[in-house]
1. Of all residues in segment 155-184, count the ones that are assigned to a loop (DSSP other than H, G, I, E, B) and closer than 22 Å to THR137 by Cβ.
2. Which residues, counting only those in segment 103-123, are among the basic types (Lys, Arg) and out of contact with any helix residue (DSSP H, G or I) (no Cβ under 9 Å at 6 or more places or on another chain)?
3. Could you please find all residues in segment 89-99 being surrounded by 24 or more Cβ atoms within 10 Å (Cβ to Cβ) and either in contact with a Phe, Trp or Tyr (Cβ under 9 Å, 6 or more places away or on another chain) or under 15 Å from ILE179 (Cα atoms) (or both)?
4. Looking at (1) surrounded by 16 or more Cβ atoms within 10 Å (Cβ to Cβ); (2) more than 25 Å from GLU76 (Cβ to Cβ); (3) touching a Cys at 6+ places or on another chain (Cβ under 9 Å), which is the one condition that is false for THR188?
5. Read through the list (1) in contact with a strand residue (DSSP E or B) (Cβ under 8 Å, 6 or more places away or on another chain); (2) open to solvent by 20 Å² or more (accessible area, probe 1.4 Å), then give the number of the only condition that VAL142 fails.
6. Which of the following residues is in contact with a strand residue (DSSP E or B) (Cβ under 9 Å, 6 or more places away or on another chain) and basic (Lys, Arg): ARG114, ARG169?
7. Cβ-Cβ below 9 Å, separation at least six or inter-chain, first residue in segment 1-20 and more than 17 Å from PRO57 (Cβ to Cβ), second assigned to a strand (DSSP E or B) and at pLDDT 95 or above: which pairs?
8. Identify, from the list ILE51, ILE41, the residue that is aliphatic (A, V, I, L, M), over 18 Å from THR137 (Cα atoms) and open to solvent by less than 50 Å² (accessible area, probe 1.4 Å).
Amino acid sequence: GGKIPLIAMHDVIHGCDTIFPIPLGLACSFDDELMRESSYIAGKESANRNIHVTFAPMVDLVQDARWGRVMESCGEDVLINSIMSKATIDGFHKAGVLCCAKHFAGYGYVESGREYNHVRLNDRFLKERVLPPYKATVDAGVDMMMTSYSSVNDVPSTIDEELIKGTLRDEMGFEGVVISDSNAIWETVGHGVAKDGKEAALLAFKAG
């Protein structure tokens with residue numbers, strides 16, 4: 001007893017073996033049933049490959065075409081993003097695959113469209129535009145939430161206790177697992193808020 005099972009996770013963004021249009025393209029159809037069905041097929045194929053969790057949906061609103069990950073999003077509309085994100089989760093769940101929404105929060109608004117850059121948004125814009133699609137994934141039963149590489153108003157998301165515990169847990173009611181994006185914990189050293197990996201890990205742990 002006491003063995004820890006291996007959980008295989010993968011970026012299944014627009015299909016696994018069968019390739020579908022990118023999420024931005026599917027969102028342009030305004031057809032959430034199409035998104036649900038394509039996610040279900042991708043989920044079945046993922047399950048056949050022993051993939052347990054997919055890093056989808058990406059619910060970052062995007063308004064700057066310079067950002068290289070625009071195609072992973074469902075665009076710049078809050079409602080469409082929320083509806084399509086729920087459909088994605090529904091499809092994967094129907095196939096028996098768990099979902100990890102990303103990137104909490106506001107990653108689509110990195111300055112100048114530069115990957116890993118800062119996000120600076122006023123409180124009202126954050127609450128009215130940026131956060132609702134994440135809340136939609138919580139309401140849809142998303143299993144995991146991935147924090148972003150970026151900082152939001154000068155605090156890296158991965159160590160932002162107010163953002164994770166306050167907004168995500170307390171306000172949105174998320175009870176699932178919070179994970180960091182790839183190397184995001186270590187990169188808090190580069191952000192200048194942790195002196196080394198040990199302090200970075202401690203800050204992330206305290207943030208939840």
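The values are calculated or read from the model by the stated rules, or taken from the named source; none is laboratory data. Nothing here was measured: the structure is a model prediction, and the numbers come from that model. Positions of Cβ are generated from backbone atoms using ideal geometry, with glycine treated the same way; all protein chains shown enter the neighbour counts. Heads up: the accessible areas ignore ligands, DNA and RNA and are worked out on the full protein's heavy atoms, side chains in. Shrake-Rupley method; radii C 1.70, N 1.55, O 1.52, S 1.80 Å.
1. The total comes to 9.
2. Listed by number, the list holds a single entry, ARG114.
3. The answer is GLY91, PHE92, CYS99.
4. Here THR188 meets the rest and fails (3).
5. Just one mismatch for VAL142, condition (2).
6. Testing whether each residue is in contact with a strand residue (DSSP E or B) (Cβ under 9 Å, 6 or more places away or on another chain) and basic (Lys, Arg) leaves just ARG169.
7. Within 9 Å, the pairs are ILE7/VAL53; ILE7/LEU98; ALA8/VAL53.
8. Checking each option against the conditions leaves just ILE51.
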